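Peer 1: The structure's right below; bear with me while I get my questions together.
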Amino acid sequence: MNNETVLNEYIYPNMEENYYWSDDLSSEFYIKAAQCGFITTSMYKNNEFFLLPEIQFDYAVMDFENIKISKKVSKLLKEDNYLFTINKKFDEVLEKIKNYHNDSWIKDEYIDCLLYTSPSPRDQRGS
């Protein structure tokens, strides 16, 4: 069953549910889920890896032109020690999150999925 069929026949008609699971680890599925408003995490169940798309009804809209940055973060960004960037050292950021949070949903399979969603993180590795 393709992604469009799943979305159109199973998810959109049932907008009261917001948690789903998928064994499709392709970047195409991950991107389509994000475009449709899902934030996707992951988990193991019975030694099998799954993506867990969660539909976002009210928040998590990415609007970088109108991004709101809290006063606390703005203050940190004004200091010389911090620089806000997008798609820089992507691998390093994911590894640090994974290592810091031992029980995180950021597993190796999830990282692989993210790294292949766009050419820009791969192009910027280590920069």
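Peer 1: In this structure, does PHE57 turn out to be at pLDDT below 85, touching a helix residue (DSSP H, G or I) at 6+ places or on another chain (Cβ under 7 Å) and among the hydrophobic types (A, V, I, L, M, F, W, C)?
Peer 2: Judged against the criteria, PHE57 is not a match.
Peer 1: Can you name every residue in the stretch 97-106 that is under 12 Å from the mean Cα position of the chain (by Cα) and not aromatic (Phe, Trp, Tyr)?
Peer 2: ILE106, the sole residue that qualifies.
Peer 1: Mind listing just one residue for me: the one in the stretch 111-127 that is open to solvent by 70 Å² or more (accessible area, probe 1.4 Å) and outside any loop (DSSP other than H, G, I, E, B) and, of those, modelled with the lowest pLDDT?
Peer 2: ASP123
Peer 1: Pull up the stretch 69-96, narrow it to residues that are under 19 Å from the mean Cα position of the chain (by Cα) and charged (D, E, K, R), then point me to the one that is least open to solvent (accessible area, probe 1.4 Å).
Peer 2: Of everything passing the filter in the stretch 69-96, ASP91 is least open to solvent (accessible area, probe 1.4 Å).
Peer 1: Further, regarding this structure: Which of (1) among the hydrophobic types (A, V, I, L, M, F, W, C); (2) at pLDDT 80 or above; (3) not in a strand (DSSP E or B) does LEU52 not meet, given it meets every other one?
Peer 2: Result: LEU52 passes all but (3).
Peer 1: Would you please name the residue that is nearest to SER42 (Cα to Cα), looking only at residues in the stretch 61-110 that are touching a Gly at 6+ places or on another chain (Cβ under 8 Å) and assigned to a helix (DSSP H, G or I)?
Peer 2: By that ranking, first place goes to ASP91.
The values are calculated or read from the model by the stated rules, or taken from the named source; none is laboratory data. Since the model is a prediction, treat every value here as computed from it, not as a measurement. Quick reminder, even Gly has a Cβ in these numbers, built from the backbone with ideal geometry, and neighbours come from all protein chains shown. Just so you know, the surface numbers come from the protein's heavy atoms only, side chains and all, with ligands and any DNA or RNA stripped out. Shrake-Rupley method; radii C 1.70, N 1.55, O 1.52, S 1.80 Å.
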